[in-house]
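Asks: Shown below is the structure under consideration.
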Amino acid sequence: MEEMEEELKCPVCGSFFREPIILPCSHNICLACARNILVQTPDAESPQGGRASGSAPSDYDYLDLDKMSLYSESDSGYGSYGGFASAPTTPCQKSPNGVRVFPPAAVPPPQPQHQLLPQPLGTPPIPRNACLTCPQCHRSLTLDERGLRGFPKNRVLEAVVDRYQQSKAAALRCQLCEKSPREATAMCEQCDVFYCDPCRLRCHPPRGPLAKHRLVPPAQGRISRRASPRKTSTCTEHELENLSMYCVQCKTPVCYQCLEEGKHSAHEVKALGAMWKLHKGQLSQALNILSDRATEAKEFLVQLRNMVQHIQENGVEFEACLVAQCDALIDALNRRKAQLLARVTKEHEHKLMVVRDQISHCTVKLRQTTGLMEYCLEVIKENDPSGFLQISDALIRRVHMTESQWGKGTLTPRMTSDFDLTLDSSPLLQTIHQLDFVQMKVPAAPILQLEECCSQTNSATLSWKQPPLSTIAVDGYILELDDGSGGQFREVYVGPETICTVDGLHFNSTYKSRVKAFNSSGVGQYSKTLVMQTSETGLASCDINTLATVAWFTFDPASAHPDIILSNDNLTVTCNSYDDRVVMGNTPFSRGVHYWEMTIDRYDNHPDPAFGIARGDVLKDVMLGKDDKAWAMYVDNNRSWFMHNNSHTNRTDGGIGKGATVGVLLDFTRGILLFLINDEQQGPVAFDSLEGLYYPAISLNRNVQVTLHTGLPIPDFYTLGESDPSGSVC
């Protein structure tokens, strides 16, 4: 019975239906709630405020619409219509189901020139041709001259609500207990008394004249005691006529007067009793099918709950097996064991989540189905044919729709209880069993001698050595280079030498190289990877990590922010965002002296581009220098500042504009960084004590476009002398 409670509550107020009426969309609503959610339509009256021409008189004609305060127009989104005064703002309320309820506004005293009709005490006036929106399907309904009286009352639903509320009252108690009445276990239909077991045996023995009395369960006795007599059904349009026929076309009970002079005169009609029996049979047949689905759903829920238990057991068993296998390995495998356990736990939780979600979903659907079934069974018990036929079509559709939701796929588990995981530890155990002591070890990783590595035209020379204090014998080395386009490494040299020159490389290409040593025990680890740039035109080119002073590079689209726009073979850069975005060069520097320039191709609205160097993990969505991974100078049209870790220093007059040139000089021999604007040094030395690997970098927005120029010689004013205490370069 509790599942049926949702069927018996009004969607507006959230309480049990009181005087429910049936809307044309087949949904129900309390009569009082229907009054509260009425909204005046703009075409209800003429622009002059009087009654529309041709409209029939009704019981709402007493309203003076020129002076009546309507519902809050500020809440509904409508202003006042022609001739109507806007009402004072009245905040709307919300029902438990989220429906907006407009409380009736105060109505001024009636004017003498308007005719008044009596209305129930305490009932707010309802505007003629007002609009009512169904709170469930949101269908808009316009009232005719009869107002809410034009909607039929749902007497069947009202009777079901009454019986349900009676059954939900306080638990039945024995009527013969003196102090603390015990819960009743039976009721005598003849005596009309509720008994507990001791009082029934003492006061109502099954012998003598009481032997013929009939004892029934308390709930059944209460229902039979409080059963109300059937009310006579009357027509909503002709209140003095009883409903006696059923209009097949309109699917509603009608009276004889409706057939003779009403809108149903040309419609097909049938006897009320015959249609009552027919629809009861259809509803019963649909309920039988739905009942079968509900039974299958209950069995399916039992299956799902059993699956939860199986998943729990299998999960525990699988974890125990996994722990046993991992414990057989050495301590170095503990981290891997934790990863595998986390994976099993994730699978375990995933299975439980899927099954529990399906249980929850199926439980909700079954609860709704059970509530609908119980409601329909209560409706079938009604002996009011016309009242039943008013709601039978809608109920039959709902039952069919609910039954169709229990398809075969709904009652199929979405997850198996088995764990499709198997730990194969035999290869690893076999490797562990083969571990043994050897007389020698593999060589350590060689160290590249950066000061001796360089590139010349289309050739590269690399040099390496063994780590200091290494006593492990080395039989030879293996040198590997990629294809100059980021492809796979290939062997270019195998032998005992520690220096190698590779010829025949592509011009203007970036190569990665690495080396490893080997002996009779095996091959050692690779050295660090070295990046080398070949020449564009055959002039001397520098390795990025040597003391050479000429280097070519471009902006790197792979590491740039997505808002960065590159062109001109990745030498020209701009941005499609108003926020600062960072782009870096494709070549890092760690040794030598390097100089490059950037020409300002476009400069609009005085932005603040920033130029400098950065680590590989610099933030790409803020101005360069905002974090501790970048060292930069940002400049506008009048002045510049140096910035690192969001610290601004050395404000210097002199800015940039279209056509200006910004130069960046990075000197690893001194560990300094300085900037130039139009070939003149901008401020003192910007930063010092620089060590490590740095990328050229710039941040800009859509108001700036910059073109990069690399492979430039060191400016004439800069010498290899020491810097003076003032920070200027000697």
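Since every read-out is calculated from the coordinates, none of them should be taken as a lab result. As the structure is a prediction and not an experimental result, all values here were calculated from the model. All Cβ positions, glycine included, derive from the backbone under ideal geometry; neighbour counts span all protein chains shown.
Asks: Using a Förster distance of 35 Å, how high is the FRET efficiency between E452 and T599, based on the Cβ-Cβ distance and rounded to 0.05?
Replies: It comes out at approximately 0.50.
Asks: Sum up the charges of everything whose Cβ sits under 10 Å from the Cβ of G315, counting Lys and Arg as +1 and Asp and Glu as -1, but leave G315 out.
Replies: Every neighbour counted, the sum reads -4.
Asks: Another one. Using a cut-off of 14 Å between beta-carbons, work out the net charge of the residues near N703 (Lys and Arg +1, Asp and Glu -1, N703 not included).
Replies: Net charge around N703: -3.
Asks: Report the local net charge at Y246: Lys and Arg +1, Asp and Glu -1, summed over other residues whose C-beta lies under 12 Å from its C-beta.
Replies: Overall, the nearby charge balance is +1.
Asks: Right, another one. Can you tell me how much longer the chain between V494 and Q166 gets when fully stretched, taken as 0.36 nm per residue apart minus their C-alpha distance, in nm with one decimal?
Replies: 108.4 nm
Asks: Based on other C-beta atoms within 10 Å, arrange M187, M633 from fewest to most.
Replies: In order of increasing Cβ crowding within 10 Å: M187, M633.
Asks: Here's a follow-up. Among M245, M532, which comes first, second and so on when ranked by fewest other beta-carbon atoms within 10 Å?
Replies: Result, fewest neighbours first: M245, M532.
Asks: Another question about this same structure. Calculate, for R202 and M401, the FRET efficiency according to 1/(1 + (r/R0)^6) with r their C-beta to C-beta distance and R0 51 Å; round to the nearest 0.05.
Replies: For R0 = 51 Å, the calculated efficiency reads 0.40.
Asks: A further question follows. For a quick size check, give me the Cα extents of segment 447-541 along its three principal axes, largest first, whole Å.
Replies: 44, 26, 18
Asks: Here's a follow-up. To the nearest 0.05, what FRET efficiency results for D357 and H238 with a Förster distance of 60 Å applied to their C-beta separation?
Replies: For D357 and H238, the calculated efficiency is 0.65.
Asks: Would you mind calculating the gained length between K528 and E260 on full extension (0.36 nm times residue separation, minus the Cα-Cα distance), in nm to one decimal?
Replies: Extra length from K528 to E260 when fully extended: 86.3 nm.
Asks: In addition: What is the order of F555, F489, fewest Cβ neighbours within 10 Å to most?
Replies: By the 10 Å Cβ count, ascending: F489, F555.
Asks: Same structure, new question: Tell me the label-point distance for the pair R214, T471, using the 7 Å Cα-to-Cβ offset, in nm and rounded to one decimal.
Replies: 11.0 nm
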